[in-house]
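Notes follow once the structure below has been shown.
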Amino acid sequence: KTFTFDSKVPTATSIVGWKAQAHTDHDVKRARRVGILAEVLSDRMRIKLREELGDAYSPGAGSDLSQSYKNVGFVMAYSPVKPKDLENVSKVIVELGDELAKNGLTQDELDRALTPRVGMLSKSIRQNGYWLGSVVAKSQSRPEILDWSRGREADYKAITLAEINALAKAYLGRDRSLTMKIQPAKEQK
C-alpha cells in the first residue's frame, strides 16, 4: 500500500511488517526473542542499506508482541529514504527478511544483538527508573512482571541460535510481508 502526503521536503519512508504472535497472553520469553530477531534484522538493514548501498541513513527494525492479547504482534522494519530510492529500499527490506527466514542468522549476529542488551539489563537493574517505571508501577495489576524482572537477564543469556532461527523462519518469509510506502504526492524539483 502506498500513502501520499503534501510536502515540499523530498522524503519518503518504507515500512515492512510481518505478523508475529505470542502463543499465550503473557509470553515474555517469545517477546524477548522476537525482539532479538528484530535487532538482527535492524543490523542487516544498517549494513545493506546504509553501508553498502548508501540509500538510507537510519534504517531500523523493532517488534511488539501484545502482553494482553493472544496471537497479536508484529516485526516492523522501517527506513526513511529519498523518494527515488523508495521502491528499491522496500524490496531490499523484504529480501533481508526472506534471507533470514530461509537461511537463518549466524552466531556472530546473535552475539552482536545479545551482548549490548545484556549489558543494558545489568545497568538498568541498578537504576530506580527501571524499578519504578517498568516493574513497580505495573506490578499490582500484572504481578507476573515481578518474576519477569527477576529472570530477564538469565533468560536473555539462555537465548539460542536455534530459537531465533526458528522464529525467523516462522515470521520473516517474503510471503508473510506487508509493505507500506509513504511518499510525497508529487516529487518536488
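Where a number appears in this text, it was derived from the coordinates with a stated rule and is not lab data. The model shown is predicted, which means the values in this text are computed figures rather than measured ones. Because the Cβ atoms are built from the backbone with ideal geometry, glycine has one as well, and the counts that use them run over all protein chains shown.
Report those strands (runs of 3 or more DSSP E) wholly inside the stretch 1-101 carrying at least 1 residues which are closer than 26 Å to T115 by Cα.
Details: elements: 2-5, 12-19, 60-65, 73-81.
Counting at least 1 such residues, we get 12-19, 60-65, 73-81.
Keeping to the stretch 27-53, report how many residues are surrounded by fewer than 18 Cβ atoms within 10 Å (Cβ to Cβ) and over 22 Å from G104 (Cβ atoms).
2
Within the stretch 100-114, can you find the residues that are aliphatic (A, V, I, L, M) and crowded, with 18+ Cβ neighbours inside 10 Å?
L100, A101, L105, L110, A113
Please specify each residue of the stretch 74-85 satisfying the condition of being over 18 Å from D98 (Cα atoms) and surrounded by 22 or more Cβ atoms within 10 Å (Cβ to Cβ). So that I can check it myself, show each step before the final result.
Within the stretch 74-85, the subset over 18 Å from D98 (Cα atoms) is 80-85.
Once the filter is applied, which keeps residues that are over 18 Å from D98 (Cα atoms) and surrounded by 22 or more Cβ atoms within 10 Å (Cβ to Cβ), the stretch 74-85 yields only V81.
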